[in-house]
Amino acid sequence: MDEYESLNHTKWECKYHVVFIPKCRRKTLYLELRKHLGEVFRKLATQKESKIEEGHLLRDHVHMMIAIPPKYAVSQVIGYIKGKSAIHLARVHGEKKRNFVGQHFWARGYFVSTVGRDEEVIREYIRAQEKEDSRLEQMNLWR
């Protein structure tokens, strides 16, 4: 928590909790893409000098804690990750399924919140999301 990154004239610790979804909240992330997307996100983040500290791919959304240097805007890095990963998915999985439409895989918006001193709480929240989603699905089965 108290380990800071460095740029030439800056010490920084800028971590964000980010959540985004596929277009129309399609449940396409779970099966084959889940294993593949984590590595893609990490590579794309390093290209923007960022680091994914914690992440979890759920059936219909992505949670991640990402450290972004202050010289980049959060929207710039998240837009880059979403755009390039959509293009990658279209190239790799595009022939197999017709629903992959390049830049239109992810929905337009995203949720972002600064982490601050609540880093462990956010990490635990991200880790517990899959259990929470399955619990909510079980509750919906009774309706």
Residue hits (the range 22-47; buried (at least 18 other Cβ atoms within 10 Å of the Cβ) and modelled with pLDDT of 90 or more) are PHE41, LEU44, ALA45
For the range 57-74, give me each residue that is touching a residue at least 24 places away in the same chain (Cβ under 8 Å), surrounded by fewer than 19 Cβ atoms within 10 Å (Cβ to Cβ), within 26 Å of GLU3 (Cβ to Cβ) and of a type outside the set (Val, Ile, Thr).
ALA67, PRO69, PRO70, LYS71, TYR72
How about the range 35-75: which of its residues are within 22 Å of GLU132 (Cα to Cα) and not in a strand (DSSP E or B)?
LYS35, LEU37, GLY38, LEU58, ARG59, ASP60, HIS61
Meets criteria (closer than 14 Å to LYS23 by Cβ, at pLDDT 90 or above and assigned to a helix (DSSP H, G or I)) for GLY83:
yes
State which residue pairs qualify: first residue in contact (Cβ under 8 Å) with a residue 12 or more places away in the chain and inside the range 3-20, second residue part of a strand (DSSP E or B) and among the aromatic types (Phe, Trp, Tyr) in any location, beta carbons under 9 Å apart, and separation of 6 or more residues or different chains.
GLU5/TRP12; HIS17/PHE111; VAL18/PHE111; VAL19/PHE111; PHE20/TRP106; PHE20/PHE111
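The values are calculated or read from the model by the stated rules, or taken from the named source; none is laboratory data. All figures in this text were calculated on a predicted structure; none of them were measured in a lab. Positions of Cβ are backbone-derived with ideal geometry, glycine not excepted, and every protein chain shown enters the neighbour counts.
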